[in-house]
Amino acid sequence: MATTATLLDTPFKKEVFEGLSAFPKYLSSKYFYDKKGDRLFQDIMAMPEYYLTGCEFQILSTYTEAIGELFRDRENGLDLIELGPGDGKKTKVLLKYMAENNFNFVYKPIDISENAVEMLSENLANEMPALTVDAEVGEYFEVLERLKGFNKRKKVIMVLGSNIGNLKHPKAIEFLTKLKDAMLPDDLLFMGFDQKKNPQTILDAYNDKAGITAAFNKNVLIRINRELGGNFQVEKFKHWEMYNPETGTAKSFLVATEAMQVSIEKLGLTVNFEQWETVHTEISQKYDDKIVQWLAEQSGLEIETSFTDEKGYYKNYAFRKV
Ligand code: AVI
């Protein structure tokens, strides 16, 4: 008979087992991103309600030169390392500026989605054939260890899309501290942080009328069904979004609309749901200057400068190691 240890032989299995055995139940949003999840996230980024993408695109397009010159190295070129580039649409604005202005650089996109990395590499090879691209697949925390090896040239580490918002503050500090540890004094960290704003605008971005965000959220259950032999009846779960304007935390849940029992074969697990029981699936933290300042201080970083969009919905900050 398989023991629990042999059944839980991957991080996905282990985390699903733990999260669905806990009270209250939870699942990690990093498991939204399989092929279908990547596609749904692309659709989210194209929705009018999901203002984050457009705002960041506006910032990068308006301040291309200022940002590019912040990145410029003095001597022997630079490595531009991007964690979680997705389709690279926003980054291309900067890549084009750098290519056209004689930067000597290598672009190194790193993503947990193999599919995203492949598509981006192909797309860049077609659109910008002269660009040197050295892509990698990996999880952020694991990849950070490898970043330390990049210390011969200036390094710019870029994390766009407010991806940091999917981490609770202690994890965000751990992440920023690891980034800081991989940096030398001349290196730069360039990061997007979605800002606090009208709570309704935030709720609408995470609860669109077309139901794309709901499908994205439920994709984790579909993935458990397919990869772990689960029998979730996905239509019996409701996507629910909450935003707390005091803390700036948006939270996504899946709510069981009736009592049910779900079995997950590969985990040897039966999960009981009471009617209206919740599974917490994602946090999307919203920030202001004070919170970002505090996160930087806790992580040994300092803010060098920041750029915002017309509406002040979103900000990109440049940090250096203290
Ligand atoms: C990737 N991440 C920053 C997105 C966000 O806004 O939290 C994921 C997302 N979840 C729902 N909509 C978009």
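The values are calculated or read from the model by the stated rules, or taken from the named source; none is laboratory data. No experiment lies behind these values; they were computed from the predicted model shown. FYI the Cβ positions are ideal-geometry reconstructions off the backbone, even for glycines, and counts take in every protein chain you see. These area figures cover heavy atoms from the full protein model, side chains too; ligands, DNA and RNA do not enter into them. Shrake-Rupley method; radii C 1.70, N 1.55, O 1.52, S 1.80 Å.
Taking only region 98-126 into account, find how many residues are charged (D, E, K, R), under 21 Å from L78 (Cα atoms) and part of a helix (DSSP H, G or I).
Of the residues in that region, 1 qualify.
Specify the residue that is farthest from Y243 (Cα to Cα); the eligible residues are those in region 178-197 that are within 15 Å of the ligand (Cβ to nearest atom) and touching a helix residue (DSSP H, G or I) at 6+ places or on another chain (Cβ under 7 Å).
M191
Any residue in region 133-140 that is in contact with a Lys or Arg (Cβ under 6 Å, 6 or more places away or on another chain), in contact (Cβ under 8 Å) with a residue 12 or more places away in the chain and more than 26 Å from Y314 (Cβ to Cβ)?
yes
Among (1) buried (at least 21 other Cβ atoms within 10 Å of the Cβ); (2) more than 27 Å from Q293 (Cα to Cα), which single condition is N123 missing?
Unmet for N123, out of (1) buried (at least 21 other Cβ atoms within 10 Å of the Cβ); (2) more than 27 Å from Q293 (Cα to Cα): (1).
Examine region 155-177 for a residue that is polar (S, T, N, Q), within 13 Å of the ligand (Cβ to nearest atom) and in a helix (DSSP H, G or I), and state whether such a residue exists.
Looking through region 155-177, at least one residue is polar (S, T, N, Q), within 13 Å of the ligand (Cβ to nearest atom) and in a helix (DSSP H, G or I).
Can you find, within region 17-55, the residue that is nearest to V220 (Cα to Cα) among those that are among the aliphatic types (A, V, I, L, M) and touching a strand residue (DSSP E or B) at 6+ places or on another chain (Cβ under 7 Å)?
In this case the residue turns out to be L27.
Looking at region 265-294 only, could you name the residues that are farther than 19 Å from K197 by Cα, open to solvent by less than 10 Å² (accessible area, probe 1.4 Å) and either within 16 Å of the ligand (Cβ to nearest atom) or modelled with pLDDT under 95 (or both)?
V279, T281
Of everything in region 64-91, what is more than 16 Å from the ligand (Cβ to nearest atom) and surrounded by 19 or more Cβ atoms within 10 Å (Cβ to Cβ)? Give them in sequence order.
If the condition is that a residue be more than 16 Å from the ligand (Cβ to nearest atom) and surrounded by 19 or more Cβ atoms within 10 Å (Cβ to Cβ), then I67, G68, F71, L78, D79, L80, I81 are the ones that fit.
Tell me the residue from D79, D87 that is more than 20 Å from Y63 (Cα to Cα) and assigned to a loop (DSSP other than H, G, I, E, B), please.
D87
Restricting to region 1-47, what's the tally of residues that are open to solvent by 80 Å² or more (accessible area, probe 1.4 Å), out of contact with any Ser or Thr (no Cβ under 9 Å at 6 or more places or on another chain), modelled with pLDDT of 95 or more and not in a helix (DSSP H, G or I)?
Looking only at that region, the number is 1.
Looking only at residues in region 48-61 that are over 18 Å from N163 (Cβ atoms) and without any contact (Cβ under 8 Å) to a residue 40 or more places away in the chain, which one is most open to solvent (accessible area, probe 1.4 Å)?
This residue is P48.
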